[in-house]
1. From the list PHE237, PHE294, PHE253, pick out the single residue that is among the aromatic types (Phe, Trp, Tyr), open to solvent by less than 70 Å² (accessible area, probe 1.4 Å), modelled with pLDDT of 95 or more and out of contact with any Gly (no Cβ under 9 Å at 6 or more places or on another chain).
2. Could you check region 329-367 and list, in sequence order, the residues that are open to solvent by less than 40 Å² (accessible area, probe 1.4 Å) and in a strand (DSSP E or B)?
3. Need the failing condition index for GLU192 against (1) surrounded by 14 or more Cβ atoms within 10 Å (Cβ to Cβ); (2) outside any loop (DSSP other than H, G, I, E, B); (3) not β-branched (Val, Ile, Thr), just the number.
4. Quick test for you: out of ALA266, ALA260, pick the one residue that is free of Cβ contacts under 8 Å to residues at least 24 places away in the same chain and small (Gly, Ala, Ser).
5. How many of the residues making up region 56-77 are assigned to a loop (DSSP other than H, G, I, E, B), surrounded by 19 or more Cβ atoms within 10 Å (Cβ to Cβ) and in contact (Cβ under 8 Å) with a residue 40 or more places away in the chain?
6. When region 30-55 is examined, which residues are found to be under 20 Å from THR217 (Cα atoms) and assigned to a loop (DSSP other than H, G, I, E, B)?
7. When you go through GLU284, GLU270, GLU326 one by one, which is the residue that is modelled with pLDDT of 95 or more, outside any loop (DSSP other than H, G, I, E, B), open to solvent by 30 Å² or more (accessible area, probe 1.4 Å) and not basic (Lys, Arg)?
Amino acid sequence: MKSILSSLFALSLLSLSSAHAQCHFPAIFNFGDSNSDTGGLSAAFGQAGPPHGSSFFGSPAGRYCDGRLVIDFIAESLGLPYLSAFLDSVGSNFSHGANFATAGSPIRALNSTLRQSGFSPFSLDVQFVQFSNFHNRSQTVRSRGGVYTTMLPEADSFSQALYTFDIGQNDLTAAYFANKTVEQIGTTDVPEIISQFKNAVTYIYAQGGRYFWIHNTGPIGCLAYVIEWFPLKASDFDSHGCVSPLNHLAQQFNDALKQAVIEVRASLSEAGITYVDVYSAKHELFVHAQGHGFKRSLVACCGHGGKYNYNKNIGCGKKVTVKGKEIYIGKPCDEPDKAVIWDGVHFTQAANKFIFDKIAAGLSMACHRQ
C-alpha cells in the first residue's frame with residue numbers, strides 16, 4: 001500500500017524543494033464536522049457530557065472524544081492555542097483563529113432539524129457565512145482597542161492563516177440513512193456535494209484566504225454507527241470486518257474531492273492547497289490496529305451492548321438511576337488509549353494522534369504554492 005506521506009507529497013507538494021522555509025501560520029480557521037468540532041455543537045445544543053474529555057482535559061471540552069482531535073494536534077504543532085468554537089461565547093479567545101465546525105455538519109444543507117435527522121443545521125455554507133461575519137466584525141470590534149486587541153485576530157491573520165477542512169462524511173451517511181443506494185449516492189449526490197465544497201473554498205479565497213489544508217473522508221464502512229444502521233449481508237463485509245460498498249463510496253467521494261482540488265488550484269492562482277489523505281491513515285488503523293499498539297479497532301471504547309459496544313439509544317455517557325444511585329450504562333473502557341474508536345462514531349485521542357503523525361510532515365510546507 002502506498003504510504004500516507006507518499007500520497008500526500010505526490011498529490012500536493014510535488015514541486016516543492018527543500019530550500020523552502022518552514023511555514024508560519026498565525027491563525028487557523030477550521031470548517032468541518034465532529035471530527036474537528038471543539039465545542040460548536042455543545043454551545044448551540046447542549047454540552048457533550050462526561051466521559052468525553054476524560055483522557056486529556058479532565059472534563060468535557062466540547063469534543064466528542066476522550067481527549068484531543070486531529071485539529072488540536074495541528075494547533076499544537078504550529079505553536080497555537082486550541083481553537084475556540086465560533087458559537088461558544090464563554091471563555092473563548094479568537095486571537096489565533098476560530099472553529100466553525102459542528103458535530104453532524106454536512107457540506108450541503110439537509111433541510112431538517114437536529115432532532116429530526118441527528119445532523120447539524122450548520123452546513124458548510126452556513127459556516128462560511130459565520131466566517132464572513134466574523135472576518136468583518138472582528139476587525140470592527142478590534143479597532144475599539146483594549147481587551148479586544150488580545151481576543152480577536154489581527155487583520156493580516158486572515159491572509160496568512162491556515163484554512164482547514166474536514167467535512168463530507170455526514171453527506172454520505174445522511175444519503176445512506178435515507179435509503180439511497182451506494183450507486184445513487186455516487187452518481188447523483190457526490191457531484192453536487194463536491195460542487196458546493198468548491199464554492200466554499202472559492203468564497204474564502206475571495207475573502208483573502210490563501211492556504212488551504214483539506215482532509216478527505218475516512219472509511220465510513222468501518223464505523224459501528226453506520227454498520228449497525230441496516231442489516232447487511234455477509235458478502236458486504238471485507239476480511240477486516242468493514243463494509244466494502246461504503247468504503248468504496250468514501251473512496252469515490254475522495255477521488256472527486258481530489259479532482260476538485262486540482263481544478264481549484266488551477267483557478268485560484270495565489271492559493272496553496274494541500275489535499276490530505278486521512279482515509280489511508282484511518283484505514284491503516286482499522287486493518288493493522290494491533291501492529292500499532294491498539295487492542296480494539298471496530299469495537300467502541302465507550303458505549304453499551306452489541307457486537308461493537310454501540311447502541312444508538314444508549315450512547316457514550318448514558319446514565320440511569322438505580323435505587324437512588326446514578327450509574328453509567330454507556331461507560332468507557334479501561335484503556336481508551338488502546339482503542340481506535342471512542343463511541344462507535346468518533347476516534348479516540350490515541351487514534352487521532354496516530355492520524356496526525358501520519359500527515360504532520362505536510363504542515364511544514366502547506367504555505368507554499370505550486
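The values are calculated or read from the model by the stated rules, or taken from the named source; none is laboratory data. All of these numbers come straight from a predicted model, not from anything done at the bench. Here Cβ is always computed from backbone atoms with ideal geometry, including for glycine, and neighbour counts include all displayed protein chains. To get the accessible areas, we keep the full protein, side chains included, count just its heavy atoms, and leave off ligands, DNA and RNA. Shrake-Rupley method; radii C 1.70, N 1.55, O 1.52, S 1.80 Å.
1. Only one candidate passes the filter, namely PHE294.
2. If the condition is that a residue be open to solvent by less than 40 Å² (accessible area, probe 1.4 Å) and in a strand (DSSP E or B), then ALA339, ILE341, PHE347 are the ones that fit.
3. The one condition GLU192 does not meet is (1).
4. Just a single option satisfies the conditions, and that option is ALA266.
5. Residues flagged as assigned to a loop (DSSP other than H, G, I, E, B), surrounded by 19 or more Cβ atoms within 10 Å (Cβ to Cβ) and in contact (Cβ under 8 Å) with a residue 40 or more places away in the chain within region 56-77 amount to 6.
6. The answer is ASP33, SER34, ASN35, SER36, ASP37, THR38.
7. GLU284
A quick yes/no check of all residues on (1) assigned to a strand (DSSP E or B); (2) buried (at least 17 other Cβ atoms within 10 Å of the Cβ); (3) modelled with pLDDT of 95 or more:
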position: TYR203; (1), (2), (3): no, no, yes
position: LEU232; (1), (2), (3): no, no, no
position: THR274; (1), (2), (3): yes, yes, yes
position: SER280; (1), (2), (3): no, yes, yes
